[in-house]
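Working notes for the structure below.
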Amino acid sequence: MSTLPRSSLSDQAAEAILALIDEDDLGAGDALPAAGELAKRFGVSVVVVREAIAALAGRGILVRSQGRETVVGRPGAEILDSILRVRMRQDGIAVDEFQQCRAALEAQSAVLAATAPDAAARAAALTPALDAMRAAQDLDAFREADLAFHLALAGLAGNQALLLLLEALNTVVSHSLGELWRRIADRDDALARTIAHHEAIAAAVAGGDRDAAARAMAVHFLESAPDVDYGIVAPAAAGATT
């Protein structure tokens, strides 16, 4: 009878720890049982359990502190961001493909934000980022404010899965679109037009107009990076006839 290699045992122990977290409904900050107790429970050595804990800590699922209990972590979008960037390099995924994903998700984000029940929150949530965009003195500050706007919009949408995906995608795109941003900034009045796009999105969201919010987001993507094929056409203005 062959024995499993240690890497397989530690992988199995990691899966067992994940199952334990689910079964015991452990939340962020809750302590994990001691390594010795886990080793007895899983029928493996303490060394294997520690390897499993180290692997999960590397993914942000657990948090280890010297001399303290290991606790459940709250992995953020940076883990997904790292995976996406590695796969982007390995598989030759073009940044345009991420932009296509963003366009679809951001449109849904705008629609959901416009239907948020708290009208006051809709009106106020995007103002700080818009003010920061208007006040930005350089491209880096403008990009940071732009990212803050889109994440605030996703937060207002009230969909945690959407927010997590957009946090990761926006970070990937932000890391990879330096050249695109420079091309945008070099066009006449480009930053002013970008601000106008965001103002239109914010106005539609504040007014609770989901269709206008979706149109404004589509215009933003189509006009900001017209060389990307989003698979959509320029939306007609409300009330327009053909």
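Let me have the relative contact order for region 6-72, percent, based on Cα pairs under 8 Å that are six or more residues apart. The partial results should precede the final answer.
Numbers: 62 pairs, mean separation 27.2, N = 67.
Across region 6-72, relative contact order equals 41 percent.
Given a Förster radius of 22 Å and the C-beta distance between Asp11 and Lys40 as r, what FRET efficiency does 1/(1 + (r/R0)^6) yield to the nearest 0.05?
The value I calculate is 0.70.
Counting pairwise Cα distances across region 1-137, what percent come out greater than 17 angstrom?
Roughly 73 percent, once rounded to a whole number.
Once you have the Cα-Cα distance between Ala132 and Ala31, take 0.36 nm times their residue separation minus that, and quote the gain in nm to one decimal.
Using 0.36 nm per residue and subtracting the Cα-Cα distance, I get 32.4 nm.
Tell me which of Ala77, Thr127, Leu112 sits at the most positive position along the dipole axis of region 9-160, charges placed on C-beta atoms (Lys, Arg +1; Asp, Glu -1).
Of the options given, the answer is Ala77.
Pop out the ³J(HN,Hα) list for region 16-29 in order, Karplus 6.51 cos²θ - 1.76 cosθ + 1.60 with θ = phi - 60°, rounded to Hz; leave Gly and Pro as x.
Whole-Hz 3J(HN,Hα) from phi for region 16-29: 5, 5, 4, 5, 4, 4, 5, 5, 8, 6, 7, x, 4, x.
Identify the trypsin sites (Lys or Arg not before Pro) of region 1-99 meeting these criteria: DSSP loop state and at most 12 other C-beta atoms within 10 Å of the C-beta. Each step should come with its number before you reach the end.
Details: sites: Arg6, Lys40, Arg41, Arg50, Arg59, Arg64, Arg68, Arg85, Arg87, Arg89; in loops: Arg59, Arg64, Arg68.
Sites meeting the loop and neighbour criteria: Arg68.
Once amide H atoms are placed 1.01 Å from N in the peptide plane, what residues at a sequence separation of 5 or more from Leu62, or on another chain, have their amide H within under 5 Å of its amide H?
Ala57, Gly73
Percent of alpha carbon pairs in region 6-72 separated by more than 17 Å?
In whole percent, the long-distance tail amounts to 31.
Over all alpha-carbon pairs in region 78-224, figure out the percentage whose distance exceeds 25 Å.
The calculated P(r) of region 78-224 puts 25 percent of pairs beyond 25 Å.
For region 78-224, calculate the relative contact order in percent as a whole number, restricting contacts to Cα pairs under 8 Å that are 6 or more residues apart. Each step should come with its number before you reach the end.
Working: 160 pairs, mean separation 53.9, N = 147.
That works out to 37 percent.
Test of understanding: extend the Cα→C-beta vector of Ala141 to 7 Å, then name every residue of region 92-131 with backbone N under 19 Å from that spot.
127-131
None of the figures in this text is laboratory data; all of them are computed from the coordinates on show. Everything numeric in this text was worked out from a predicted model, so none of it was measured. Every residue, glycine among them, receives a Cβ derived from its backbone with ideal geometry; neighbour counts consider all protein chains shown.
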